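Okay, so here's the structure we're looking at.
Computed from the coordinates by the stated procedures, all read-outs in this text should not be read as laboratory data. Just so it is clear, the model here is predicted, and its values are computed rather than measured. Note that we place each Cβ from the backbone using ideal geometry, even for glycine, and neighbour counts take in every protein chain shown.
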Amino acid sequence: MKKLVHALVLTGLVGAPAFAMADEAASPHTLTANVSLTSNYVFRGISQTGGEPAIQGGFDYSHSSGFYLGTWGSNVGWLTEFQGYKSGSMELDLYGGYRNTIGPVSYDVGAIRYMYPGSKNADTSALLGAWTSEAYVSAGWKWFTAKYSYYLSDAVFGIGPNANGSYYLDLSGSLPVADTGVTLGAHWGTFHFKNVSAADYDDWKVSAAYDMGKLGKLTSGMTLGVAYTDTNADKGFWTESATGEYLGKGTTTVWVSKAF
């Protein structure tokens with residue numbers, strides 16, 4: 001009898017035991033981390049470090065259903081040099097949302113809280129805080145993405161009051177260059193601050209990034225990039241009082257990052 005069963009298995013007439021053939025089910029949970037070093041932290045066209053370098057990093061959790069949560073941090077300089085804080089040199093973000101696709105179109109809906117621990121000088125205690133709440137929605141098709149960010153907080157990065165209802169519109173494109181590992185990017189954005197029109201501006205960027213994993217296992221997950229950004233931000237408004245640094249000026253930034 002044993003010989004008969006063995007023969008039927010070999011000829012495919014009887015299946016092998018299921019536990020021997022089945023693969024382990026893939027986990028629906030994914031946890032990743034990232035770290036980067038950049039010559040200048042530029043966010044939506046405005047330097048957050050006054051042209052100085054930044055070390056950045058974060059963690060991301062995602063579920064196969066499309067839900068995600070994450071946190072990210074960086075050093076910044078504008079709290080003390082532009083906003084009038086006595087101390088404060090860190091940005092910490094918490095965000096979450098849901099992303100999925102409908103046919104060829106991807107979409108992402110979520111919210112983010114930008115937090116800036118620190119303290120104000122006694123003579124600037126009336127200044128609005130820098131902490132900011134934002135809701136966003138984006139849609140992507142092939143190489144193109146459009147994102148709309150709407151601000152819920154009374155102050156938007158310390159600018160206000162009654163700035164809730166401000167918005168930022170981002171249009172961007174990202175094009176891989178064959179199998180070279182190079183990705184070219186372009187971006188245009190416009191920032192509208194409710195009740196503070198002097199702060200309004202447009203920004204634009206062109207970039208190139210190289211997947212260093214093409215060089216071998218030792219550099220797997222690493223990316224090297226360069227970008228040029230510029231704005232039409234009002235120089236009188238967006239200049240640091242402490243250093244005289246114009247935060248919206250055209251600048252070239254280089255960075256290297258590692259994903260785990």
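Distance between the pseudo-spin-label points of Asp202 and Ser174 (7 Å out from Cα toward the beta carbon): 2.4 nm.
Cα-based count: Lys pairs in the chain below 16 Å, eight or more positions apart or different chains? Let's see the in-between values first.
On the way: Lys86/Lys120; Lys147/Lys205; Lys205/Lys249; Lys214/Lys258; Lys217/Lys258; Lys235/Lys249.
Summing the qualifying lysine pairs gives 6.
Considering only trypsin sites (Lys or Arg not before Pro) in DSSP loops that have at most 14 other Cβ atoms within 10 Å, the longest stretch of the chain without any of them is 1-141.
The residue list Trp204, Ser220, Gly173 was ranked by how far each Cα lies along the charge dipole of the stretch 48-259 toward its positive end, using unit charges on Cβ atoms, and Ser220 comes out on top. Between 0 and 90 degrees, the angle of helix 2-11 with respect to the longest Cα principal axis of the chain falls at about 60 degrees.
Our estimate of slack between Ser27 and Thr71, defined as 0.36 nm per intervening residue step minus the Cα-Cα distance, is 13.7 nm. Across the stretch 48-259, Cα-Cα pairs more than 29 Å apart make up 29 percent of the total.
Karplus-based coupling profile of the stretch 201-208, in residue order and whole Hz: 6, 10, 9, 8, 8, 10, 8, 9, with θ = phi - 60° in 6.51 cos²θ - 1.76 cosθ + 1.60 and x standing for Gly or Pro. Each residue of the stretch 72-79 was assigned a 3J(HN,Hα) from its phi angle through the Karplus curve 6.51 cos²θ - 1.76 cosθ + 1.60 (θ = phi - 60°); the sequence is 8, x, 7, 7, 9, x, 6, 4 Hz, with glycine and proline shown as x.
Arrange the following residues from fewest to most other Cβ atoms within 10 Å of their Cβ: Ile112, Ile55. Display every interim value, and only then the final one.
Details: Ile112 17, Ile55 12.
Going from sparsest to densest Cβ surroundings: Ile55, Ile112.
The H on the amide N of Gly160, modeled in the peptide plane, is under 5 Å from the matching H of no residue at least 5 residues off or on a different chain. Close amide-amide hydrogen proximity is noted between Gly51 and Tyr41, each under 5 Å apart and 5 or more residues distant or on a separate chain (H modeled in the peptide plane; Pro and chain starts excluded). Taking a Cβ cut-off of under 13 Å around Arg113, the surrounding Lys, Arg, Asp and Glu residues balance to a net charge of -3, with basic ones at +1 and acidic ones at -1.
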